[in-house]
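Notes for the one structure printed next.
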Amino acid sequence: MNATVLNPTTSKLALLGGTPVGKIVPPAYPQFSERAVERVAALLRAGKVIGLSRTHSPEVAEAEAALSAYHGGRQVLATSSGHGALVSALAGLEICCGDEVITTPYTWGASISCILHQTAIPIFVDVKRDTGLIDPDKIEAAITPRTKAILAVHLFGQPADLKRLRAIADKHHLALIEDGSQAHGCESGGLRAGTVGDASGFSCMGGKVLATTEAGYMVTPHDRVYWKGAMAGQHMGRWGDPGFPDDLRPSVDSLIHTFRVTPVNAVLLTEQLGLLDGRLAYRRQHADLLRRKLATARFVRFPNYGPGDKPSYHMVTMTFDPEAAGVTRDTFAAALKAEGMHAYGYVPSPVPDWVRLHWQDYTGPRAPWLATLERAGIDYRGMALPNCRWRVDNAIEAHFDFIEAGDEMIHRMAEIILKVESEIGALRDHERAAGPAAFARR
């Protein structure tokens, strides 16, 4: 495919007073079928809005059965959010009370807060520079007698290296937890996300790949992990459902999180799942086109994925070369925005830099995990994490909810990026005059 050809008369950057290429306008998202809308309306008309368990709610049972089939027959626990799914996963594995969980510093906070809310301790290791995914080579050096699990995040819909992570976990008798909140249907070496870990959590809020209004689900191959996860966040631990273990009954009570899913969102889970593979095909088709259109780009680069890896493209991620470009990522992103493309660094700073983890000198509102971190003597301040820090400064992400036919917006994205690259000299001059701080993300 030929590279985008720019019109010299319109090549002046919009940031410098030129004509913008045009705004990137993705399809409306999320989208629900008429069948889904009618099913939801019927529930509302009937006042069926409480889903206590599979036995109580056929909609919950239907959703969990459909998701189980999608994940190779594993147990599925529908929840009210992705965070609830991850907490249920940790609770089901009985990870808490000072246990250490090795994880990534480059992620959204819910990947870490689930560990903290279980009074466990995140242990951060560095990531791969090109993807931002946890680096398996860094994990074994971080294992201690207190380590109980590895939590890997399939960030942006990119697949973490599940085969290597599983091998490390098995070697050291650790649980493997997958955070697939942005990665429904992604594959790592031919293995679908959620089918390798001892437990996995997925978010299904309205902006995710499998979108409802607000929901999530936990996946596990272990029946007892399912039931113990249910005891942590479902009405009376779902003890009235068939299969509840008799030995767990004396521990059932209502001292729980409220993570149960509504029948409305259970219906949306079922209906949206039926459309997922077709929508993933469009995401991948459009991402492949964008990659081809930017094959000649000088300053942005897509990650390279391994054999059998299939991202789900919740977002597209690229890395920016500030040395070659002579401008910062934020200045480049400001120029993209002026042309009509909103792109930015999704992770604002390494998670261990966040002040609510620094019990030593934190002065804000009290956080329940600070005492646990203090007892453990953990000090996150000033961690090196060079690849994580490099990505914080130089990664570029853009939302990518292109789930329909038609590639006009993909061509426009490529045109915008190539236009800014073609005028990099003018952008350098502008940054020197204004100073890099003028474009820094706030």
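Assorted remarks:
- Search result, residues across the stretch 402-442 that are touching a Gly at 6+ places or on another chain (Cβ under 7 Å) and part of a loop (DSSP other than H, G, I, E, B): Arg441
- Condition met for Leu77 (closer than 11 Å to Val267 by Cα and either in contact with a Leu (Cβ under 9 Å, 6 or more places away or on another chain) or not β-branched (Val, Ile, Thr) (or both)): no
- Scanning the stretch 69-79 for residues that are in contact with a Ser or Thr (Cβ under 9 Å, 6 or more places away or on another chain) and open to solvent by 30 Å² or more (accessible area, probe 1.4 Å) yields a count of 3.
- Some residue of the stretch 311-333 being surrounded by 19 or more Cβ atoms within 10 Å (Cβ to Cβ), on the phi < 0 side of the Ramachandran plot, among the hydrophobic types (A, V, I, L, M, F, W, C) and part of a loop (DSSP other than H, G, I, E, B): yes
- Identity of the residue in the stretch 69-118, assigned to a helix (DSSP H, G or I) and without any contact (Cβ under 8 Å) to a residue 60 or more places away in the chain, that ends up nearest to Ala211 (Cα to Cα): Ala69
- Pairs linking a residue in the stretch 360-389 that is more than 17 Å from Phe124 (Cβ to Cβ) to a residue that is of a type in the set (Gly, Ala, Ser) and assigned to a loop (DSSP other than H, G, I, E, B), with Cβ atoms under 9 Å and 6 or more positions apart or on different chains, are Arg375/Gly98.
- Scanning the stretch 381-393 for residues that are buried (at least 20 other Cβ atoms within 10 Å of the Cβ) and not aliphatic (A, V, I, L, M), we see that the one that is nearest to Ile115 (Cα to Cα) is Cys388.
- Within the stretch 175-211, the residues that satisfy the criterion of being over 12 Å from Tyr70 (Cβ atoms), of a type in the set (Val, Ile, Thr) and assigned to a loop (DSSP other than H, G, I, E, B) are Val196, Val209.
- Where a residue in the stretch 264-283 is touching a residue at least 40 places away in the same chain (Cβ under 8 Å) and of a type in the set (D, E, K, R) and its partner, wherever it lies, is part of a helix (DSSP H, G or I) and surrounded by fewer than 18 Cβ atoms within 10 Å (Cβ to Cβ), with Cβ under 8 Å and at least six apart: Glu271/Arg35
- Meets criteria (open to solvent by less than 50 Å² (accessible area, probe 1.4 Å), under 25 Å from the mean Cα position of the chain (by Cα), of a type in the set (A, V, I, L, M) and over 26 Å from Lys128 (Cβ atoms)) for Met409: yes
- Residues satisfying the stated conditions in the stretch 108-163, i.e. at positive phi and surrounded by fewer than 23 Cβ atoms within 10 Å (Cβ to Cβ): Thr119
- Selection status of Glu404, touching a residue at least 60 places away in the same chain (Cβ under 8 Å) and over 22 Å from Arg441 (Cβ atoms): yes
- Restricting the stretch 268-298 to residues that are acidic (Asp, Glu) and closer than 30 Å to Val40 by Cα leaves a set whose member that is surrounded by the most Cβ atoms within 10 Å (Cβ to Cβ) is Glu271.
Listed here are the residues, each with its yes/no results for (1) out of contact with any strand residue (DSSP E or B) (no Cβ under 9 Å at 6 or more places or on another chain); (2) at pLDDT below 95; (3) farther than 20 Å from Ala85 by Cβ; (4) not aromatic (Phe, Trp, Tyr).
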site: Val225; (1), (2), (3), (4): no, no, no, yes
site: Ala232; (1), (2), (3), (4): yes, no, no, yes
site: Met236; (1), (2), (3), (4): yes, no, no, yes
site: Asp246; (1), (2), (3), (4): yes, no, yes, yes
site: Ser251; (1), (2), (3), (4): yes, no, yes, yes
site: Leu255; (1), (2), (3), (4): yes, no, no, yes
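- The number of residues in the stretch 25-68 being of a type outside the set (A, V, I, L, M), open to solvent by 70 Å² or more (accessible area, probe 1.4 Å) and in a helix (DSSP H, G or I) comes to 5.
- Considering the stretch 338-388, and only residues there that are outside any loop (DSSP other than H, G, I, E, B) and under 20 Å from the mean Cα position of the chain (by Cα), the residue that is farthest from Lys138 (Cα to Cα) turns out to be Tyr344.
The values are calculated or read from the model by the stated rules, or taken from the named source; none is laboratory data. Since the model is a prediction, treat every value here as computed from it, not as a measurement. Glycine gets a Cβ as well: all are built from the backbone with ideal geometry, and neighbour counts include every protein chain shown. Just the protein is used for accessible areas: all its heavy atoms, side chains included, with ligands, DNA and RNA removed. Shrake-Rupley method; radii C 1.70, N 1.55, O 1.52, S 1.80 Å.
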